[in-house]
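K.L.:
Structure incoming, see below.
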Amino acid sequence: MLATVVGYCVKCKAKRDMENPKQITMKNGRLATEGTCGTCGTRMFKIGGGSSSAASSGSKAKKPVKSKAVTKKPVKSKAVTKKPVKSKAVTKKPVKSKNKAKGKKSKSKR
């Protein structure tokens, strides 16, 4: 069991002590501490907290991780040729007039 762990409770919106803290490993491999809020009982998570091997075996120094040098390949520029744009002549359709007297009988009785 871990010593008193302080985490942020989202429901209380304050830092609270965790009850029953357990060290877990998330899906992405990072370590976290899971517990419940002492005040409201909401589940709490504290991400991080060192490696499990370092916590159990004392204070071992972490080995520096060698990073591989990333070499970027030169990008070949492709000549972009623009295709000629065909201009379409837009013809406007004639607007039909809404004249009721033209060809239609009036519905009003005379």
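The values are calculated or read from the model by the stated rules, or taken from the named source; none is laboratory data. What you are looking at is a predicted structure, and each value in this text was computed from that prediction instead of being measured. Note that each Cβ is placed from the backbone with ideal geometry, even for glycine, and that neighbours are counted across all protein chains shown.
K.L.:
All but one of (1) at pLDDT 90 or above; (2) exposed (fewer than 10 other Cβ atoms within 10 Å of the Cβ); (3) not β-branched (Val, Ile, Thr) hold for residue 62, so report the exception by its number.
P.N.:
The failed condition is (1).
K.L.:
Scan segment 17-29 and report the pairs whose first residue is of a type in the set (A, V, I, L, M, F, W, C) and whose second residue is assigned to a loop (DSSP other than H, G, I, E, B), with Cβ atoms within less than 6 Å and a gap of 6+ or a chain change.
P.N.:
18/5
K.L.:
Here are some conditions: (1) touching a Gly at 6+ places or on another chain (Cβ under 7 Å); (2) polar (S, T, N, Q); (3) modelled with pLDDT under 90. Residue 23 meets all but one. Which one does it not meet?
P.N.:
Unmet for residue 23, out of (1) touching a Gly at 6+ places or on another chain (Cβ under 7 Å); (2) polar (S, T, N, Q); (3) modelled with pLDDT under 90: (3).
K.L.:
I'd like the residue in segment 3-41 that is outside any loop (DSSP other than H, G, I, E, B) and among the charged types (D, E, K, R) and, out of all such residues, is surrounded by the fewest Cβ atoms within 10 Å (Cβ to Cβ).
P.N.:
Looking only at segment 3-41, we keep the residues that are outside any loop (DSSP other than H, G, I, E, B), and these are 6-9, 14-25, 31-37.
In the following step, the residues that additionally are among the charged types (D, E, K, R) were identified as 15-17, 19, 22, 34.
On the way: 15: 9, 16: 21, 17: 15, 19: 14, 22: 12, 34: 17.
Result: 15.
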